[in-house]
Amino acid sequence: MPVFSLPLEHVFPDPRLARSDGLLAVGGDLDPSRVLLAYAHGIFPWYSEGQPILWHSPDPRFVLFPEELHVGRSLKKVMRKGHIDLTMDGAFAEVIDACARTPRPGQRGTWITRDMRSAYIELHRAGFAHSAEAWMNGQLVAGVYGVSIGRCFFGESMFSSVSDGSKVAFVALVRQLLRWDFELIDSQVRTQHLERFGGRAIPRSEYLELLDRLISSPSRREHWRFDKEVLAELRPR
């Protein structure tokens, strides 16, 4: 399959035309409207500093259905300690900066470039990008962020400076999304982290059908906050 060169106009080729490695197109910009259009069509930007913008749509797609969330016994014990405080949209820029600084196994540098950071902060200001944070003694110790359209959440990255911090934040986020009737959390590609929580691969064709239905729902563009019931579930009994 060829790799498409994007025009100035905000359009994308059919994601089914992506190469076997998921690469679909190159070029364009990270204008928030273009980025949202990409997500709505099962496409996302992923590249390194110094490279042109690369747009991907892998097959299969790795996802988590919120109702299939699996929480292991050891993590449940951690959550019952109640030593981690949780917020949503409380430190979006700090979370994305910490994710950019966090080393990844087998990865040199970061794919969260300066332009990517600016784009997602703009999406946050517009109400389409959100974060969940974990705090200890008033210090940010973990977090996760992503993009939300309709009833689908596209997870981008997470970090943790303490053991299990990002796992607690992620579990709380998933439980909140389930209360809001979200049906799909997109991890884009397989990660062991999400697989432990019940994530699985589905064909891109199935993913695109789900996506088309879920993004038609209104997006929650307000400042996100955890429901007190969700936080209560994570407190020691």
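Annotations for the structure displayed:
- Complete set of residues in the range 5-18 that are surrounded by 14 or more Cβ atoms within 10 Å (Cβ to Cβ) and closer than 20 Å to Y207 by Cβ: F12, P13, P15, L17, A18
- Qualifying position, being within 16 Å of the chain's Cα centre (by Cα), within 25 Å of W180 (Cα to Cα) and aliphatic (A, V, I, L, M), among M88, M116: M88
- Single residue of L140, L173 found to be closer than 20 Å to E94 by Cβ, of a type in the set (A, V, I, L, M), in contact (Cβ under 8 Å) with a residue 40 or more places away in the chain and assigned to a strand (DSSP E or B): L140
- In the range 1-30, the residues that are over 9 Å from S57 (Cα atoms) form Cβ pairs under 9 Å with partners that are open to solvent by 30 Å² or more (accessible area, probe 1.4 Å) and basic (K, R), at six or more places apart or across chains, as follows: M1/R19; P2/R19; V3/R19.
- Condition met for G127 (among the small types (G, A, S), open to solvent by 50 Å² or more (accessible area, probe 1.4 Å) and over 30 Å from L17 (Cα atoms)): no
- Members of the range 99-151 that are small (G, A, S), on the phi < 0 side of the Ramachandran plot and modelled with pLDDT under 95: A100
- Among (1) touching a helix residue (DSSP H, G or I) at 6+ places or on another chain (Cβ under 9 Å); (2) surrounded by fewer than 17 Cβ atoms within 10 Å (Cβ to Cβ); (3) modelled with pLDDT of 95 or more, the one test that E94 misses: (1)
- In the range 75-88, residue most open to solvent (accessible area, probe 1.4 Å) [restricted to those that are farther than 27 Å from E222 by Cα and without any contact (Cβ under 8 Å) to a residue 60 or more places away in the chain]: K77
- Subset of the range 24-45 [buried (at least 16 other Cβ atoms within 10 Å of the Cβ) and part of a strand (DSSP E or B)]: L24, A25, F44, P45
- In the condition set (1) under 28 Å from S216 (Cβ atoms); (2) touching a Phe, Trp or Tyr at 6+ places or on another chain (Cβ under 9 Å); (3) assigned to a helix (DSSP H, G or I), A119 is compliant with all but (2).
- Meets criteria (in contact (Cβ under 8 Å) with a residue 12 or more places away in the chain, farther than 23 Å from S57 by Cβ and hydrophobic (A, V, I, L, M, F, W, C)) for A134: yes
- Unique residue being in contact with a helix residue (DSSP H, G or I) (Cβ under 9 Å, 6 or more places away or on another chain) and buried (at least 19 other Cβ atoms within 10 Å of the Cβ) when the list is S157, S163: S157
- Among (1) of a type outside the set (D, E); (2) in contact with a helix residue (DSSP H, G or I) (Cβ under 8 Å, 6 or more places away or on another chain); (3) assigned to a strand (DSSP E or B); (4) within 25 Å of F65 (Cα to Cα), the one test that G146 misses: (2)
- Annotation: S48 fulfils all but one of (1) of a type in the set (G, A, S); (2) at pLDDT 95 or above; (3) not in a helix (DSSP H, G or I); the unmet one is (2).
- Test for P218: is it touching a Gly at 6+ places or on another chain (Cβ under 8 Å) and open to solvent by 50 Å² or more (accessible area, probe 1.4 Å): yes
- Listed by position, the helices (runs of 4 or more DSSP H) inside the range 183-237 whose residues that are modelled with pLDDT of 95 or more, touching a helix residue (DSSP H, G or I) at 6+ places or on another chain (Cβ under 7 Å) and charged (D, E, K, R) number at least 3 form an empty set.
The values are calculated or read from the model by the stated rules, or taken from the named source; none is laboratory data. Owing to the predicted nature of the structure, the values given are computational and were not obtained by experimental measurement. Note that we place each Cβ from the backbone using ideal geometry, even for glycine, and neighbour counts take in every protein chain shown. Note: areas computed on protein heavy atoms with side chains; ligands, DNA, RNA excluded. Shrake-Rupley method; radii C 1.70, N 1.55, O 1.52, S 1.80 Å.
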